[in-house]
Amino acid sequence: MSMFCYQCQEAAKGTGCQIKGVCGKDEEVARLQDLLIYTLKGLAEIVVKGNLEIENLNEINHEVIKSLFITITNANFDKTAIEKQIEKMLGFRNELKKRIAEIPLGDATYFEVTGTTSMLEKASKAGVLATENEDIRSLRELVIYGIKGMAAYAHHALNLGKENRDIYTFIYEALAATLDDALSVDELITLTLKTGEFGVKTMALLDEANTSKYGNPEITHVNIGVGKNPGILISGHDLTDLEQLLEQTKGTDVDIYTHSEMLPAHYYPFFKKYENFIGNYGHSWWKQLEEFETFNGPILFTTNCIVPPKNEKVRDRIFTSGASGYPGCIHIEANQDGKKDFSPLIEMAKKCKAPIEIETGSIVGGFAHAQVLALADKVIDAVKSGAIKKFIVMAGCDGRMKAREYYTEFAQKLPTDTIILTAGCAKYRYNKLALGDIDGIPRILDAGQCNDSYSLAVIALKLKEVFGLEDVNQLPIVYNIAWYEQKAVIVLLALLYLGVKNIHLGPTLPAFLSPNVAKVLVETFGIAGIDTAEEDIQFFMA
Ligand code: SF4
Ligand code: SF3
């Protein structure tokens, strides 16, 4: 077996990718990502066992979360960038080793590699399958995928100047715990729940970072048509990149459009002052191959999800930043102050044609916690009068699997007295359907990006308080979540930590859940898969 990865919903045959990733990740990238994670585990073991002060590890903390982010599905396909990151982290690891007294540590803290061949060789013994017991492996990976998602959100918060040492402390603790053969299944389950607890803390931190800088998202109609100027398309989740791009294109004849998970940027008051911030182009990430062709201008990936470009001409228009990367695409690095120079994209855009219009009209969003709570009286009245029977949380990810047509059908067939609460790119399966409204409340309330699932939890907790309920599960809210990559894993663990039960997860259950671990999740939390749209609606409405 040349590689093994089962971290996302598209894992080949529902078990794992072994020759090449369905996502396009090749064997070398997969193995290098494994080695990067293994290096982080070794570094974390030194921090934990050596009782090192997190506050003295500033740069290392930042590089640890960036490294985790690099290994998220569809974030970085660039071998050279991953190798460099391994070397950097090994350098930090060796430096930290000198700071602690002689205490017994494991292989992850001692191994050395020189060059690609020895990295690949070492990686083959350090990947997922190095843990033989399938239940321990399953729980270790569940924790690792959770902290990958957590690290991505912590990285966005950090870019906005917000960080929390407790989150870094937990990430080191969790990484080191995955090397500890003494931990039992029960102890690893406890660690999994703790991962959810820190997921909540991290999403709250990012929410605070976003809203303190950009204001609270508000009801916004986002244009989905195009203008006459050439444009730059920005994708991914990093709002600081968008801010810098808008500043650098202000007053030029270059327009800025969002793609996929960048759509919710339009909901923030801060970005509304930019006249060249035109609208959203296209759908969710997996449609990018065709949509980038017709967009005509440069594309900036600030994070996942990148689909390996098939057309070289399109690839030449793709730029990456932050944790993302793709071989052959220009990577825009930040300087020491976090400033990025986007002039290569702007100069390219000036020579490009305007985007070809693929749709017209607008979509509405901006229903994060502050906006929904501002409408609370209206919402509560509608629930009390019976006009709203149920809220269906349909947050999460989109993906290319045909089975995901389920979500469109499900949204279409829901009774008209239901409201869909969404966040993340899962929304593209139904956010352009004309589902109407209930007493002026749109039937699809989009809170924002996947991390804004936090908003949905805040709304649920507030409703519980208003209705004087003991338990969040007594609310008329059901959860039908679509997952794809590891940010959805941290969202799921966060919901479990908050006590949410009976979450339905689709389109398939994670390949990394062993039968026994899946059984625990089913028995303890009522986690279930999905059936047909009709059957599920009947079940949810009962
Ligand atoms: Fe396969 Fe998903 Fe891993 Fe890519 S990220 S190799 S598709 S399991
Ligand atoms: Fe989407 Fe990749 Fe997960 Fe942020 S952009 S939700 S899949």
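The values are calculated or read from the model by the stated rules, or taken from the named source; none is laboratory data. Here the structure is a predicted model, which is why all the values come from computation and not from measurement. So basically every Cβ, Gly included, is an ideal-geometry build from the backbone, and we count neighbours across all protein chains shown. The protein model used for the area step is the full one, side chains on, heavy atoms only, and it has no ligands, DNA or RNA in it. Shrake-Rupley method; radii C 1.70, N 1.55, O 1.52, S 1.80 Å.
Before moving on, here are some points about what is shown:
- With the charge dipole of the chain set up from +1 on Lys and Arg Cβ and -1 on Asp and Glu Cβ about the Cα centre, the Cα lying farthest toward the positive end among the listed residues 453, 117, 297 is that of 297.
- Relative compactness, region 1-149, computed as alpha-carbon Rg over 2.2 N^0.38 Å: 1.03
- From the C-alpha gyration tensor of region 41-95, square roots of 5λ in Å: 22, 11, 9
- Estimated 222 nm signal from helices in the chain, with DSSP H stretches of n ≥ 4 weighted -39500 (n - 2.57), rounded to 500: -14000 deg cm²/dmol
- Of all accessible heavy-atom area on the chain, the percent that carbon and sulfur account for (1.4 Å): 51 percent
- Out of every Cα-Cα pair that region 116-174 contains, those further apart than 13 angstrom amount to 70 percent.
- Quarter of the Cα convex hull surface for region 412-512, i.e. its orientation-mean projected area (nm²): 7.0 nm²
- Of 66/122; 384/462; 250/351; 273/378; 66/97, those spanning more than 27 Å from alpha-carbon to alpha-carbon: 273/378
- Alpha-carbon Rg/Rh ratio, for region 220-350, with Rh computed the Kirkwood way: 0.92
- Checking the cross-link pairs 13/402; 402/519; 287/427; 148/487 against a 19 Å limit on the alpha carbon distance flags 402/519 as lying beyond it.
- Rg over Rh for region 369-541 works out to 0.94, using Cα positions for both radii and the Kirkwood form for Rh.
- Per-residue ³J(HN,Hα) for region 53-66, Karplus 6.51 cos²θ - 1.76 cosθ + 1.60, θ = phi - 60°, Hz, x for Gly and Pro: 6, 4, 5, 8, 10, 2, 5, 5, 4, 5, 6, 5, 5, 5
- Surface accessible to a 1.4 Å probe, per residue, for the residues of region 220-350, Å²: 36 Å²
- Dividing the radius of gyration of the alpha carbons in region 346-435 by their Kirkwood radius gives 1.10 for Rg/Rh.
- In whole percents, the pair-distance distribution calculated for region 170-263 from its alpha-carbon pairs, binned every 5 Å from zero, is 3, 10, 14, 16, 13, 10, 9, 8, 8, 6, 3, 2, 0.
- Note on the chain: Kirkwood radius taken over Cα pairs, Stokes-Einstein applied at 4 °C and 1.567 mPa s, translational D equal to 55 µm² s⁻¹.
- Between region 12-49 and region 175-193, the alpha-carbon center distance in angstrom: 19 Å
- Within region 445-542, the chymotrypsin sites (Phe, Trp or Tyr not before Pro) that combine a DSSP coil assignment with at most 13 other C-beta atoms in a 10 angstrom radius are 467.
- When the GluC sites (Glu not before Pro) in region 291-380 are filtered for DSSP coil states and for at most 16 other beta-carbon atoms within 10 Å of their beta-carbon, the remaining sites are 333, 357, 359.
- Normalising the Debye intensity of region 1-40 to I(0), with uniform scatterers on Cα atoms only, and taking log10 at q = 0.24, 0.27 Å⁻¹ returns -0.72, -0.87.
- Whole-Hz couplings from phi, Karplus 6.51/-1.76/1.60, listed for region 22-28; x for Gly and Pro: 4, 6, x, 5, 8, 4, 5
- The charge dipole of the chain, taken about the Cα centre with unit charges on the Cβ atoms of Lys, Arg (+1) and Asp, Glu (-1), comes to about 700 debye, rounded to the nearest 20.
- Cut-off under 5 Å, modelled amide H: who pairs with residue 76 long-range: 325
- Close amide-amide hydrogen proximity is noted between residue 299 and 233, 318, 319, each under 5 Å apart and 5 or more residues distant or on a separate chain (H modeled in the peptide plane; Pro and chain starts excluded).
- Computed magnitude of the charge dipole of region 323-471 (debye, nearest 20; Cβ of K, R +1, Cβ of D, E -1): 420 debye
- With θ taken as phi - 60° and the Karplus curve 6.51 cos²θ - 1.76 cosθ + 1.60 applied, the whole-hertz 3J(HN,Hα) list for region 439-455 is 6, x, 8, x, 6, 10, 9, 9, 7, x, 6, 4, 5, 6, 4, 3, 4 Hz, x standing for glycine and proline.
- The Cα-based radius of gyration and maximum Cα-Cα distance (Dmax) for region 478-533 are 10.5, 28 Å.
- For residue 256, the residues 5 or more places off, or on other chains, whose built amide H falls under 5 Å of its own are 232, 277, 278.
- Straight-line cross-link partners of residue 272 among the aspartates and glutamates, defined as a Cα under 16 Å from its Cα and at least 8 positions apart when in the same chain: 218, 241, 243, 247, 255.
- Across all Cα atoms of region 209-250, the radius of gyration (one decimal) and Dmax (whole number) stand at 12.4, 34 Å.
- Centroid-to-centroid separation of region 341-415 and region 479-542 [C-alpha atoms, Å]: 21 Å
- Restricting the trypsin sites (Lys or Arg not before Pro) of region 250-319 to loop positions (DSSP other than H, G, I, E, B) with no more than 13 neighbouring Cβ atoms within 10 Å leaves 310.
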